[in-house]
Ligand SMILES: Cc1cc2nc3c(=O)[nH]c(=O)nc-3n(C[C@H](O)[C@H](O)[C@H](O)COP(=O)(O)O)c2cc1C
Ligand code: SF4
């Protein structure tokens, strides 16, 4: 039996993306048609039953987020789709928006109906110019067919969606920075609380969800939350789009049920199909640059939110970057740190300075004769400080890869370090 599913990718590549008629031929708009016959509470009940965890990286329960917003009695409310997709190794939202934009639009429209919102925004990664055009065309066609705009499906419900081009910074994917950027301000994170459900876009109550989260909503409403949940495991409901890249034979995006093992994802002939040229796996990096690194010993971990977290790993954005035996972990981590160094917005010291110092130490550790006596201790302290004291998720997660790789490849960190440094680090 095939390991691939098409619960939310049905029609991807086989229909004309922006044509409503084509979309309806693969079940499109059945979710919205059903939603408008239900109460907001009933819809949220299904989202809760689905066990859908936010697909943008933080894995926050979607039902809980929706319920919180529903109970806030301030209007207008806004719906925002996070389509910044800045996490390296992640390209699943691009697939959804490029091949099935109407499914994303349908999910956002259902949210608009639930919260009585009049406007929704899709904040699309600046580099995705073509995708922005596809979305705008799909929105126009949805309006023409009565699924968007005034008096949707004759129910007296008005809702419109605007496409915003992202500012080109990774931090703009952080939900509060994204709202600042959407408002035309500098894309820097806000202090929380207040929660965005209370004080969000234009200081109004706001729902922010990822593209894949919204694209899952029509299936949840149409088939019911329990049915959706059954595709995955009881604590990690549904399917997940996984982006396989790096040293793997079949680099692509796959929709899979949550619960396959990492080994299946990387080695199954229908999925990653192993590592090119018969090389051995050295490590895999999950969820983008901000996610953890795992080694061959962890290959039998089930790819579920709980399974991964109990093994020190996480789903994150859904990226799975595979690296073979030829890759130096220190060189790899230098690349990761360079990314964060470039993307740090500079607002807080732990992230602004921490990335800089980590990069310098990694360069020394990778060069025979260069490490200074206290480098390993200093690295440890910098990692701890950044994780605990950075202002936003970027700084808090910038050293996660390093922190997890350290445990697996201690020898490589220590190979060039001076003997006294080893003594300090062990203490
Ligand atoms: C630095 C940083 C970058 C982020 N980038 C993205 C992104 O590109 N796309 C995304 O959906 N979420 C991103 N997030 C997570 C969002 O802040 C937020 O959790 C998400 O949009 C909520 O949607 P979800 O609950 O559906 O996952 C980022 C978070 C941080 C800290
Ligand atoms: S952790 Fe601090 S410096 Fe880094 S991106 Fe967030 S606010 Fe900016």
Could the peptides 376-383, 169-176 be put in order, highest first, of the mean number of other beta-carbon atoms found within 10 Å of their residues? 169-176, 376-383
Cα principal axis extents for the range 239-324, largest first, Å: 33, 23, 22
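Considering all alpha-carbon pairs of the range 329-426, what whole percent are spaced by more than 17 angstrom?
Cα-Cα pairs in the range 329-426 separated by more than 17 Å: 44 percent.
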Kindly provide the pair-distance distribution of the range 20-231 built from C-alpha pairs, with 10 Å bins from 0 and whole-percent values in order of increasing distance. 9, 38, 39, 13, 0
Taking the range 165-236, the whole-percent share of alpha-carbon pairs separated by over 19 angstrom is 48
DSSP-defined antiparallel bridges as percent of all bridges, the range 20-231, nearest 5: 15
Measure nothing but the geometry: give the 0 to 90° angle between the long axis through the Cα atoms of 329-343 and the longest principal axis through the Cα atoms of the chain, rounded to 10°. 50
Net lengthening on full extension, residue 280/residue 183 (0.36 nm per residue, minus Cα-Cα): 30.1 nm
Sequence-separation-based contact order of the range 299-427, relative, with Cα cut under 8 Å and 6+ spacing, percent: 26
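Have a look at the DSSP beta bridges in the chain and tell me what percent are antiparallel, nearest 5.
On the way: 18 of 39 bridges.
If I count the DSSP bridges inside the chain, around 45 percent turn out antiparallel.
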Distance in nm between residue 4 and residue 273 label points, each 7 Å along Cα→Cβ, equals 1.1
Gain on full stretching of the segment that runs from residue 118 to residue 75 - 0.36 nm per residue minus C-alpha separation: 14.5 nm
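Compute the convex hull volume of the Cα atoms of the chain, divide it by the residue count, and report the result per residue in Å³ as a whole number.
Spelled out: Cα convex hull of the chain, divided by residues, is 135 Å³.
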Given N residues in the range 161-203, what is Rg(Cα) / (2.2 N^0.38 Å)? 1.08
Using only the Cα atoms of the range 2-51, build the gyration tensor, take square roots of its eigenvalues as a ≥ b ≥ c, and label the shape rounded, prolate or oblate: rounded if a/c is under 1.5, else prolate if a/b is larger than b/c, else oblate. oblate
The simple spin-label model distance between residue 30 and residue 250, using points 7 Å out along Cα→Cβ, in nm, is 2.6
In nm, give the distance between the simple-model label positions of residue 325 and residue 299, each being 7 Å from the Cα along the Cα-to-Cβ direction. 1.2
Considering only C-alpha atoms, what is the centroid distance from the range 220-296 to the range 62-90, in Å? 25
Full-stretch length increase - residue 198, residue 338 - with 0.36 nm per residue and alpha-carbon distance subtracted: 46.9 nm
Under 20 Å by backbone N from the virtual spin label 7 Å along Cα-to-Cβ at residue 367, the residues of the range 392-419 are 412-419
Running Debye on the range 91-194 with equal point scatterers at the Cα sites and no solvent, what base-10 log of I(q)/I(0) appears at q = 0.10, 0.17, 0.22, 0.23 Å⁻¹? -0.30, -0.83, -1.17, -1.21
For a protection proxy built on the mean count of beta-carbon atoms within 10 angstrom, sort 147-160, 211-224, 50-63, 333-346 highest first, please. 211-224, 50-63, 333-346, 147-160
With just the Cα atoms defining each centre, how far is the range 342-377 from the range 136-175? Give it in Å. 43
Percent relative contact order of the chain, based on C-alpha pairs within less than 8 angstrom and at least six residues apart? 16
Just to be sure I understand: with springs between alpha-carbon atoms less than 10 Å apart, which residue in 166, 184, 238 has the highest mean-square fluctuation in the Gaussian network model of the chain? 184
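Provide the FRET efficiency to the nearest 0.05 for the residue 37-residue 145 pair, computing r from the beta carbons and using R0 = 30 Å. Intermediate values should be presented prior to the final figure.
On the way: r = 19 Å, r/R0 = 0.62.
In this case the efficiency is close to 0.95.
Rule-based calculations on the coordinates, nothing more; no lab input. Predicted model only: the values in this text are computed from it and were never measured. Here Cβ is always computed from backbone atoms with ideal geometry, including for glycine, and neighbour counts include all displayed protein chains.
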